[in-house]
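A short write-up of the structure that comes next.
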């Protein structure tokens, strides 16, 4: 919210796209606002688009980013990328910035990076 509000204060045309996990998710670092304690800073009126993200889709995108881009991200970064990809379907021109707020090393012992 802080980054989004700061950017919008500089340019009101900026669109803020939220990656929100579905109910019952297991994406560490993200909250479904229907089932979580909502932080005081959260203001849904500042969000231009909400993209609901499934846990396994976020995991798969994280693995893709690591494998194809060489950026060692965690599961919430995978969710952020999915939201960005959904958001770009709505624009004809401009720039897209995705904030990867986590790194992958803290998830090495989780299902995110277990060999299949």
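The values are calculated or read from the model by the stated rules, or taken from the named source; none is laboratory data. None of the values given here were measured: they were computed from a predicted structure. Neighbour counts are summed over all protein chains in view; Cβ atoms, including those assigned to glycine, are modelled from backbone coordinates with ideal geometry.
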- Message: When you scan segment 38-52, do you find a residue that is over 18 Å from residue 3 (Cβ atoms) and under 11 Å from the mean Cα position of the chain (by Cα), even just one?
- Response: yes
- Query: Can you pull out the helices (runs of 4 or more DSSP H) entirely within segment 1-87 that have at least 2 residues that are touching a strand residue (DSSP E or B) at 6+ places or on another chain (Cβ under 6 Å) and at pLDDT 95 or above?
  - Reply: 75-87
- Query: Within the set of pairs 6+ apart or on separate chains, which have a first residue in segment 96-116 that is touching a residue at least 40 places away in the same chain (Cβ under 8 Å), a second that is loosely packed, with under 12 Cβ neighbours inside 10 Å, and C-beta atoms under 8 Å apart?
  - Reply: 99/3
- Message: Name the single residue that is modelled with the lowest pLDDT among those in segment 90-116 being surrounded by 14 or more Cβ atoms within 10 Å (Cβ to Cβ) and in contact with a strand residue (DSSP E or B) (Cβ under 8 Å, 6 or more places away or on another chain).
- Response: 102
- For residues that are without any contact (Cβ under 8 Å) to a residue 60 or more places away in the chain and surrounded by fewer than 17 Cβ atoms within 10 Å (Cβ to Cβ), tally how many sit in segment 73-89. 3
